[in-house]
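Below is one structure, written out as structure tokens, with a few remarks after it.
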Amino acid sequence: DAGITQSPRYKITETGRQVTLMCHQTWSHSYMFWYRQDLGHGLRLIYYSAAADITDKGEVPDGYVVSRSKTENFPLTLESATRSQTSVYFCASKGHFDTEAFFGQGTRLTVV
Amino acid sequence: AQKITQTQPGMFVQEKEAVTLDCTYDTSDQSYGLFWYKQPSSGEMIFLIYQGSYDEQNATEGRYSLNFQKARKSANLVISASQLGDSAMYFCASDTGTASKLTFGTGTRLQVTL
């Protein structure tokens, strides 16, 4: 299916474990983003990517790692999950000439 | 750095009435975009409307319009003829730079009543 998809939709993990959230888009958009949504904060940018192999930090990058070896995929890894990383994570993508970014359905991550 | 302020945590409006959701922004950039997204209870982020900083006319999309007042740095969303399906969280956002990274406000939860 065309679009942007995130997996898994829901994830429960334990403190200290590594977890990877996947994001895949079929539009060949140049830009991809990871945001986290927390009550009282809206959505905050974690990392973004302007193209394959080009990534940069956003507002809240600590504790996260990203990679982008292919244009269509932009996985987000929590190397050692902490309870403060319990959140809803949104991936988004945007074409170079698009006005708006397109969001995935979100991944609800709970760290226990 | 950009900052978006939404001062209304929650709003109520009666069906068929119009409602204005407030948004103010702070940026030192000359060129920027302003966005509104809707997040229903199902959780997805739905793009509603966009206003460019150089656009002289207020943006409109169906029942949505963006009241852009550049001097006051405000970008309020007006929803006309509210419907029950408009009940959702609404986020104001701005973008900057070539990557169009978005900065979001904290959101306004709108409840439409009969």
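Every number here is computed from the coordinates shown, using simple stated rules; none is lab data. Source: prediction; values computed, not measured. As a convention, Cβ positions derive from the backbone with ideal geometry for all residues, glycine included, and neighbour counts pool all protein chains shown.
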Subject >> Farthest toward positive dipole pole in chain A [+1 Lys/Arg, -1 Asp/Glu at C-beta], among A:Gly106, A:Thr71, A:Gln85 >> reply: A:Gln85
Original post:
Among residues other than B:Tyr90 whose Cβ falls under 11 Å from its Cβ, what is the net charge (Lys/Arg +1, Asp/Glu -1)?
Top reply: 0
**OP:** Kindly provide log₁₀ I(q)/I(0) values, in the same order as q = 0.18 Å⁻¹, from the Debye equation applied to equal alpha-carbon scatterers of the stretch A:43-84.
**Re:** -0.51
Original post:
With springs only between Cα atoms under 10 Å, which of B:Asp86, B:Asp55, B:Asp26 fluctuates most in a Gaussian network model of chain B?
Top reply: B:Asp55
Original post:
Taking chain B as a Gaussian network, where each spring joins two C-alpha atoms under 10 Å apart, which residue of B:Thr27, B:Thr98, B:Thr60 fluctuates the most?
Top reply: B:Thr98
**OP:** Find the Cα radius of gyration of the protein assembly as shown, compare it with 2.2 N^0.38 Å by division, and give the number to two decimals.
**Re:** 1.02
**OP:** Set the Förster distance to 22 Å, then compute FRET efficiency between B:Gln111 and A:Ile12 from the Cβ-Cβ distance, nearest 0.05.
**Re:** 0.10
Subject >> Dipole in debye (nearest 20) - the stretch B:50-91, about Cα centre, beta carbon charges: Lys, Arg +1; Asp, Glu -1 >> reply: 200
Subject >> Under 19 Å from the B:Ala18 label point (7 Å along Cα→beta-carbon), backbone N, the stretch B:28-62 >> reply: B:36, B:49-51, B:57-62
Subject >> Rounded Å value of the spacing that divides the Cα centres of the stretch B:84-114 and the stretch B:43-66 >> reply: 11
Original post:
Taking Cα atoms of the stretch B:1-71, Rg/Rh with Kirkwood Rh, to two decimals?
Top reply: 0.96
**OP:** Starting from the Cα coordinates of the stretch B:45-87, work out the convex hull volume and express it per residue in Å³.
**Re:** 87
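Arrange A:His41, A:His29, A:His24, A:His96 by Cβ neighbour counts within 10 Å, fewest through most, would you?
A:His96, A:His41, A:His24, A:His29
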Original post:
Binning every alpha carbon pair distance of chain A at 5 Å from zero, what are the percents per bin?
Top reply: 2, 13, 25, 26, 19, 10, 4, 1, 0
Original post:
For the pair A:Lys57 and B:Met11, how long in nm is the line joining their label points, each one 7 Å along Cα→Cβ?
Top reply: 3.6
Original post:
Taking B:Lys70 as the anchor, which lysines have their alpha carbon closer than 17 Å to its alpha carbon, excluding any fewer than eight residues away along the same chain?
Top reply: B:Lys3
Original post:
Taking B:Lys16 as the anchor, which lysines have their alpha carbon closer than 22 Å to its alpha carbon, excluding any fewer than eight residues away along the same chain?
Top reply: B:Lys38
